[in-house]
Amino acid sequence: MRVGVRKGRLSRCSRNARPEEALVGREHAGMADPSSLQEWMGRGLWAFVLIAMALLIVPMTARAESPSVIEVAKFSRGTVGQAMPNGWKPLTFKKIPKQTLYELVKDGESVVVKAMSDASASGLTKEVRIDPKDYPIIRWRWRVENLLKHSDVNRKDGDDYPARLYVTFEYDPEKTSFSKKLKYKAGRTIFGDIPIGALNYIWETKMPIGTIVENAYTNFAQMIVVESGPQKVGTWVDEERNIYEDYKRAFGEEPPMINGVAIMSDTDNTKEQATAYYGDIVFQESVKASFR
């Protein structure tokens, strides 16, 4: 995604040739004419200036063309009544037959995704490829209408949340420890194509905000509590997280490339009901950028 910068190079001839040798013409001999030498030096000076300007301008242009914000989910541009936002696809699970219902709805002046979960679990996902070093900040907004009474981040039967946002990472052997490689290969044998790791930002019932805990089912996913308790239920909340730093804290190593983003409201374990709304999701450089 980053714009490459091509460096200019001088040819071997231009580096090694002396000025007077460069001026030898059809006569193949004789001293260079002083006026011609002066002209050549003048042209050489301008060539140097132009090359220097090019080397300065190209990187500046490249930086200007590289976006400071990547809009992963622009739900606000969607069509009301649409079940699937453009560019997104269902995230379903074979052993969970009942799926959460998703729909684009109007909320005030904006279009958002509404999720309704009734003893169900499924999500919406989008494939991306983003370098967390270049775009470490993720920002999104969401709202929940209720909490789950029996949600518990430490238990498999409590692994339900009215709203969660996944960020998944691709397998990179150079950035993966040996023991984790073995677990990953074993996981692929059982489950097929899986990410090497996932950050799971959740709206929990009682755990303190900022808690990072291993998922009850797999240590490939780390749960990060960004909202907890009833204080903000029913209101829109803007969130911002540093994915790069979160990954290092959660997994203790450098993050590989981001390969997916997903939203999900699930109540299949607790057999409860939940309603949530999701707004736009963006990745950005460290510089602040507002939602549009």
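The values are calculated or read from the model by the stated rules, or taken from the named source; none is laboratory data. Fair warning: this is a prediction, and the values are worked out from it, not measured in the lab. Note: ideal-geometry Cβ built from the backbone for every residue, glycine included; neighbour counts use all protein chains shown.
The table below lists the values:
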read-out: First in region 166-177 and under 11 Å from residue 132 (Cβ atoms) and hydrophobic (A, V, I, L, M, F, W, C), second anywhere and in a loop (DSSP other than H, G, I, E, B) and modelled with pLDDT of 90 or more, Cβ under 7 Å, 6 or more apart; value: 169/255; 169/256; 169/257
read-out: Among the residues listed as 274, 216, the single one being among the hydrophobic types (A, V, I, L, M, F, W, C), in contact (Cβ under 8 Å) with a residue 40 or more places away in the chain and part of a loop (DSSP other than H, G, I, E, B); value: 216
read-out: Single condition residue 244 does not satisfy, out of (1) surrounded by fewer than 14 Cβ atoms within 10 Å (Cβ to Cβ); (2) not in a strand (DSSP E or B); value: (1)
read-out: Filter result (aliphatic (A, V, I, L, M), at pLDDT below 95 and in contact with an Asp or Glu (Cβ under 7 Å, 6 or more places away or on another chain)) within region 237-292; value: 257
read-out: Unique residue being closer than 24 Å to residue 110 by Cα, in a loop (DSSP other than H, G, I, E, B) and either at pLDDT below 95 or of a type in the set (Gly, Ala, Ser) (or both) when the list is 234, 210; value: 234
read-out: Any chance residue 163 is in a strand (DSSP E or B), at pLDDT below 95 and closer than 24 Å to residue 128 by Cβ; value: no
read-out: Long-range neighbours under 8 Å by Cβ, at least six apart or interchain, first residue within 20 Å of residue 171 (Cβ to Cβ) and in contact (Cβ under 8 Å) with a residue 40 or more places away in the chain within region 119-139, second part of a loop (DSSP other than H, G, I, E, B) and of a type in the set (Phe, Trp, Tyr); value: 125/88; 126/88
read-out: Given (1) more than 19 Å from residue 170 (Cβ to Cβ); (2) surrounded by fewer than 14 Cβ atoms within 10 Å (Cβ to Cβ); (3) in contact (Cβ under 8 Å) with a residue 24 or more places away in the chain, number of the condition residue 253 does not satisfy; value: (1)
